[in-house]
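Quick notes on the structure that follows.
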Amino acid sequence: MRLIPPDIAEVRAARAGNSEALQDLMARALPCVLQWCARLGGPRVDAEDAAHDVIVVVLTRIHTLAEPELFGPWLFGITRRVLAGHRRRRMFESWIPGLARTGPESDPHAQAELSDLGRQVQLALDAVSVDHREILVLIDIEERTEREVADLLSLPIGTVRSRVHRARQAFLAVARRLQLPAVVFERVREGS
Amino acid sequence: MKHLFRTFAEETRARPEALSRVESRLEHVVADRALVQSLLTELPAAPAGAEARIRARLAERTGRSVNWGLRAGGVAVVAMAAALLLWLRAPVAPLTEALRAEAWRTEQPTAHVSLTYLGEGDLAGTAMQPRIEWRSGTVQVEVDPNQGVALTVQTREARVRVIGTGFSVGRSALGTAVRVSHGRVSVDCEDGTSVLLGAGEHQLCLPTSAAGLLGRARALAEQGAAPEDVLAAAERGLAAEPDAAVRGELEVAQMEAYAADQRWTEAYDLAGRALASGGGARAEELRHLHAWYGVQAHGCEAATAELRALNAAGEATAFEQVTLAGCVSASEPAVARGLLQAALVAGVPDAQRPAIQQQLDALGGQ
């Protein structure tokens with residue numbers, strides 16, 4: 001489910017306050033947002049909670065969107081901010097004994113659907129830096145083109161290209177550090 | 001690597017049941033919004049003729065405020081413009097207009113130029129050579145092709161030149177973004193980069209001064225950008241020889257980016273170095289950050305002394321008291337009890353009170 005290209009006329013109508021256009025736009029954006037939240041949020045973030053918060057921000061801030069053509073990057077920026085907030089909150093809760101959500105149980109729906117392998121990939125992704133995680137999710141998991149990713153992240157395409165290489169290196173380093181099972185690690189080596 | 005990522009992609013695909021759960025939670029938000037909109041439509045319309053009356057009043061005021069000197073000056077300008085027009089046998093209308101809009105606004109200052117903008121700047125130059133000094137926000141420009149109109153948009157970071165095209169220039173703390181919808185545009189960035197953009201292409205001209213880069217680092221952090229991008233802006237700012245105040249702020253932006261990226265050791269070391277050199281205006285805040293980064297980077301060992309000092313000075317927050325209590329609970333249970341009780345008095349969020357009370361009970365306190 002790859003959001004975008006958005007219907008510019010629909011974005012314009014939503015920005016102008018047309019409720020029907022706004023609801024259509026949200027219905028189209030939600031699957032993509034939910035996937036971003038599940039893939040970028042890591043094991044401690046409840047993806048459905050985060051996706052809900054992203055859509056609420058979109059509903060209340062759509063009138064401030066300057067250029068309808070940039071709806072995709074704008075939506076990704078909101079998702080990024082909301083996820084950063086959720087991750088911060090989880091980290092803050094971990095300060096207080098007894099309040100911390102314990103590992104993978106935070107989002108039971110999503111976790112139930114993850115196999116052991118999926119959970120290990122999620123942990124490895126969670127351990128790399130935010131910018132590397134974004135690149136890996138957008139390019140290697142969602143299979144977007146470098147041009148698309150450069151537009152989504154508002155970065156020059158050269159920066160995206162160099163980041164892809166470093167992100168994969170970082171992921172492999174983490175895979176080694178986390179001691180992913182040999183079979184998984186071999187698959188990584190073969191594939192890369 | 002592909003197999004791994006394919007498995008993960010498949011397992012994290014947005015499933016219909018998850019989508020319907022989020023959609024049902026969003027229903028009340030949409031319903032509330034619809035209710036507000038329906039209530040707003042109940043507002044009475046403006047009385048007939050109100051707009052005309054206001055315009056008439058404004059016209060009256062404007063008329064009164066123009067003095068004879070200005071009128072004479074205006075006549076002289078018009079006469080000079082007319083003379084120039086005759087001399088050049090070409091349209092050279094001087095343009096002077098303040099562009100300011102808090103909601104999107106469209107206007108056509110000359111026959112061949114159309115502007116749509118949100119933000120502020122100034123329009124100057126002539127009809128054939130309009131010049132826009134753009135300060136903040138976004139301006140979208142349409143210039144009719146093949147009419148000889150040479151338009152420029154100047155911002156602090158960039159100069160955009162165009163003959164017959166459509167493009168937009170957006171300026172914010174992040175820098176100046178130029179995006180071309182059709183035609184070709186030449187962009188000269190302040191950092192020396194010069195590019196020729198075609199339809200669909202865009203260019204971001206970054207600030208080059210230390211203060212400008214501090215603004216970019218803060219704006220990036222605020223919009224949740226990747227920590228690496230915030231760090232890049234802060235590091236470029238530090239390389240631009242900032243004064244002491246800007247240096248201090250750039251270092252704080254740098255350590256917050258490290259923390260956002262969970263690079264606690266680097267954040268802790270940087271906060272320590274900043275404190276060792278006095279800490280400037282942020283010295284007090286830096287002590288709290290140093291303690292927090294210390295706990296995250298190295299655990300209690302690195303932070304206990306700092307937390308004790310903050311607590312002794314009466315400056316520890318409730319969270320710092322709870323953390324210090326956790327660090328000393330084994331060796332000094334009475335001190336830990338006192339700290340937890342003080343935290344409860346100082347005020348912690350309601351959701352966290354039961355957990356703290358539980359800790360107190362475990363320590364044998366009230």
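Summary of computed values
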quantity	calculated
Using θ = phi - 60° and Karplus 6.51 cos²θ - 1.76 cosθ + 1.60, couplings along region B:176-181 (whole Hz; Gly, Pro as x)	10, 10, 10, 10, 9, 8
Label-point gap, in nm, between B:TRP104 and B:LEU363 - each point 7 angstrom along Cα→Cβ	5.8 nm
Mean Cα-pair separation over length for region B:138-214, i.e. relative contact order, pairs under 8 Å, 6 or more apart, %	26 percent
Inter-chain Cβ neighbour average for residues B:350-356, partner chain, 10 Å	3
Cα-based equivalent ellipsoid, region B:311-366: semi-axes from gyration tensor eigenvalues, Å	15, 15, 8
Table column - 3J(HN,Hα) (Hz), region A:39-50, Karplus curve with 6.51, -1.76, 1.60, x for Gly and Pro	8, 9, x, x, x, 8, 9, 7, 4, 5, 4, 5
In order through region A:63-75: 3J(HN,Hα) via Karplus (6.51 cos²θ - 1.76 cosθ + 1.60), integer Hz, x for Gly, Pro	5, 8, 5, 6, 10, x, 5, 9, 4, x, x, 5, 5
Hull shadow area, averaged, region B:97-205 [alpha-carbon convex hull, nm²]	5.9 nm²
Separation in nanometres of the label points that stand 7 Å from Cα toward Cβ, at B:GLN341 and A:ASN18	6.6 nm
Amide hydrogen neighbours beyond the local backbone of B:MET128, cut-off 5 Å, H modeled	B:ALA93
Neighbour-count order for B:VAL246, B:VAL187, fewest beta carbons within 10 angstrom listed first	B:VAL246, B:VAL187
Prolate/oblate/rounded call for region B:211-296, Cα gyration tensor, a/c under 1.5 rounded	oblate
Least to most buried among A:ASP24, A:ASP46 (fewest other Cβ within 10 Å first)	A:ASP24, A:ASP46
Under-5 Å amide H pairs with B:GLU201, H placed in peptide plane, nonlocal only	B:VAL180
Inter-chain shielding of A:134-142 (mean C-beta neighbours from other protein chains, 10 Å cut-off)	3
Förster radius 56 Å - calculated FRET efficiency between B:HIS3 and B:ALA276, Cβ distance, rounded to 0.05	0.70
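Only the coordinates and a few stated rules stand behind these numbers; no lab work does. Just so it is clear, the model here is predicted, and its values are computed rather than measured. A quick note on method: Cβ atoms are made from the backbone with ideal geometry, for glycine too, and the neighbour counts reach across all protein chains shown.
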